Amino acid sequence: MSAFVSAPSPNSSAIAVSPLLDSLVSIPCKAESCPRRARQQLDLILLAIEALDLGGSEAILLVARDLGLGSVLKNRVHLWQLRSTNPLRRHVQRRPMQFQEAKALVLVIGYIARRLTVLIRQLLLAEQQLRDKGEPRSQNFALDDYLTRFRTHFRKRMNPKRAGVVIYKDDEKLNDLAVQLLKQLLFCTGTAGTQRLWVSLFDGEV
Amino acid sequence: MQLERNYRLPNCTLALEGMGDPGKFDSLGGGLGSQAGAPLAILVQASCEILDQTPVLRGGLTFLTHLSTAVSRYAQECLSGVQRRHSLSGGLVQLQGLENGRHRLLVFPEEGEGSGTGHTPIEMELTTVQLFDLVEAVDQFLADPQTLPDLGLLLNPIPKREVPSQESMAQRAVGPALGVSGLAIAAAALFTLPVPTDIRRPGTATQPTQTAASPGPAKLPTGLETPNSTITDPDQLETIQAKLQERLTQAWASQPGSVEGPGFSEDLIYRVTTGQDAQIVGYRALNAAATDFDKEVPLSELVYLPPDGSNPTGEPVAEFRVRFTPEREVKVEPWSAAIATAAGEIAADAGASETPADSAGFSPAPSSLATPSPTASASPAASLASPSPDAAEPNTSSGASSGASSSTVDLNTLTERVYDALDQRWTADPTFTEALTYRVEVDSSGKIQRLAPVDSDAEQYAQELGLEGIASSGGAQPSDLPSASASSTSASATTVFQAIFKPNGVLEVSPWDGYVDPQ
């Protein structure tokens, strides 16, 4: 009988998580939790990911677990709560989004975006070509699919009375938003993508 | 040793040529030429080629650093949507967003570049994917420890200061505009308020005394005193007199302690002012006994106190002389017919103000004294044996006798002269402890005709004050005088003044009847 005690497993995941979270530099932000624009931006990018890939919503949770961020993004409900801190949502959760939670989301987004690099580039190229020719976006099926899914999700989840949502009452405007988010996702696929995304969340807030 | 680094991406290729640091010798490499492990420390040339775009961008280290910084900043702006207020100034490389979703890249030639490129900047339009590839190439180069290891990616969020305000200029200007307009409106509203011309201290407004050399400030102490008109109609006076008599008799009879005899042995004389309804608005004791036995008579209880503490304004008043005899009799007679008796006591604020409207002295409100009518100048001046200059005029409204007749300017001059004359004589230090009042009569040239002390104290100290022989006749005793003041001698030539000598060395001279109200 050996008096040999092994370290309990929950701690190990915490230790594994922290280096990854520390890879994102901490921002000298005066606020206690994430600013408004950051919450909104994260939710919209996740929305774009869901619109890109059918398995998007499940993938987010799986990736979180794979990356060892399961302690921060605990379960589906928790993830939904975090995303619902977006002030444009119909049912806004009045809870703060902690910096750690935001970092975890950024890491997940970067990982998934890198996986979807090819698709993102294809869609953007198609969009540019159609625009140069002056043709409507619906010509390209993949692009059209993405845009339609994005619009559906957006209208379903966002509160139409909000000023930030009213400007997207027009479908064309919403399409433009979808394309813009696609471009931002493209930047997330780079080698410094997660860093760039994380820092960009605090532009104008510090 | 020539070193080369290439970062290839689908749309962009970044090629760096340079050398390793000659100072460092890579031991791993060994041998000649095998410096593969050495980092590229010195850059010779950097070239950036973007697919389908000409020309190829070339430059040295400066160009490379400028390119890296500009591209990195622009990428952050694309990601967040927040633009900086001031872009990099003096930068060789600039990026701008365009309407069609593309991006314009401007590259300015370096200083001292060959004249081949000229001074016009190179301009390129990049699609987003091309831009991203450029960003990625730069990121890879910066992250490479083997290439210019001193350069690294530095990302900082844009501080709040550098972000232009989200509100439009119009919205931001609303606040200050509201403030300024509010101020303008308030200023206009307050501008319509009248500027006060006559500023007085409360409490002293009723004493038109004259000190030093300043000719009297205002004509009438309008401060707290309100001019009341005197009732002159004989019928009315009679009615009021009867009422007053009845009231006083009743009140005195019902007073407790009236069963025993009254405590005084001589008549108590008061000057009482009443309103139209015989309501007593004020009274003043005219002899010493009256002051002492004030409690025995019901005057204090019957006095009507207006709620705001001042005299009822504008109401016509009637004045009577009331006598309370030891036999418990009350005798009332109208003041204009009454004699000026020597009460032997004059209030310190003996500045009689003469107007057609006067109010009584001894009222709760600090009003000035009033001379009722010019006739019996209410002088408790004992020495008033001789006719008072402003006497014998039952018509109060004339008020234009004697002192009143002199214009204000003359009055001021006379006052000054009297003051000077008295001041010259008063050289000794005051030994008395209370103010001494004298009645001074002067002619129109300012020469003192007679001077009379008002009370016994004044008489006592007259010598000390150097007043002996200042005028023709000395003072008489403060005693009751026969009602002889009705006659008036050269009324128009003589002016009466009141001189008060105070223990603190101050001399005050003022007209006996006060200043004329120019109403």
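Does A:Leu82 meet the test of being crowded, with 21+ Cβ neighbours inside 10 Å, aliphatic (A, V, I, L, M) and assigned to a loop (DSSP other than H, G, I, E, B)?
No: the conditions fail for A:Leu82.
Only one of these is of a type in the set (S, T, N, Q), surrounded by 19 or more Cβ atoms within 10 Å (Cβ to Cβ) and at pLDDT below 85: B:Ser472, B:Ser510, B:Ser485, B:Ser479. Name it.
None of the other options fit; the residue is B:Ser485.
Residues of region B:417-442 being under 41 Å from the mean Cα position of the chain (by Cα), of a type in the set (S, T, N, Q) and open to solvent by 20 Å² or more (accessible area, probe 1.4 Å), which ones?
The answer is B:Thr433, and nothing else.
Hey, could you check region A:37-74 for residues that are under 18 Å from A:Ile112 (Cα atoms) and of a type in the set (S, T, N, Q) and say which is modelled with the lowest pLDDT?
This residue is A:Ser57.
Of all the residues that make up region B:133-157, how many are within 9 Å of chain A (Cβ to nearest Cβ), more than 60 Å from the chain's Cα centre (by Cα) and free of Cβ contacts under 8 Å to residues at least 12 places away in the same chain?
The total comes to 1.
Give me the residue from region B:251-271 that is open to solvent by 10 Å² or more (accessible area, probe 1.4 Å) and charged (D, E, K, R) and, out of that set, modelled with the lowest pLDDT.
Only one residue tops the list, namely B:Glu260.
State which residue is most open to solvent (accessible area, probe 1.4 Å) when the search covers only region B:69-88 and only residues that are in contact (Cβ under 8 Å) with a residue 40 or more places away in the chain and basic (Lys, Arg).
That would be B:Arg85.
Looking at region A:169-189, is at least one residue touching a Pro at 6+ places or on another chain (Cβ under 9 Å) and more than 13 Å from every other protein chain (Cβ to nearest Cβ)?
yes
Here are some residues: B:Ser398, B:Ser490. Which one is modelled with pLDDT under 85 and open to solvent by 60 Å² or more (accessible area, probe 1.4 Å)?
B:Ser490
Evaluate the following for B:Thr274: is it at pLDDT 80 or above and within 30 Å of B:Pro326 (Cα to Cα)?
Yes, satisfied.
Return only the number of the condition from (1) within 14 Å of chain B (Cβ to nearest Cβ); (2) open to solvent by less than 50 Å² (accessible area, probe 1.4 Å) that A:Met97 does not satisfy.
(1)
The values are calculated or read from the model by the stated rules, or taken from the named source; none is laboratory data. Everything quoted here is computed from the prediction, not taken from an experiment. Don't worry about glycine lacking a Cβ; one is built from the backbone with ideal geometry, like all the others, and counts go over all protein chains shown. For accessibility, only protein heavy atoms count, side chains too; no ligands or nucleic acids. Shrake-Rupley method; radii C 1.70, N 1.55, O 1.52, S 1.80 Å.
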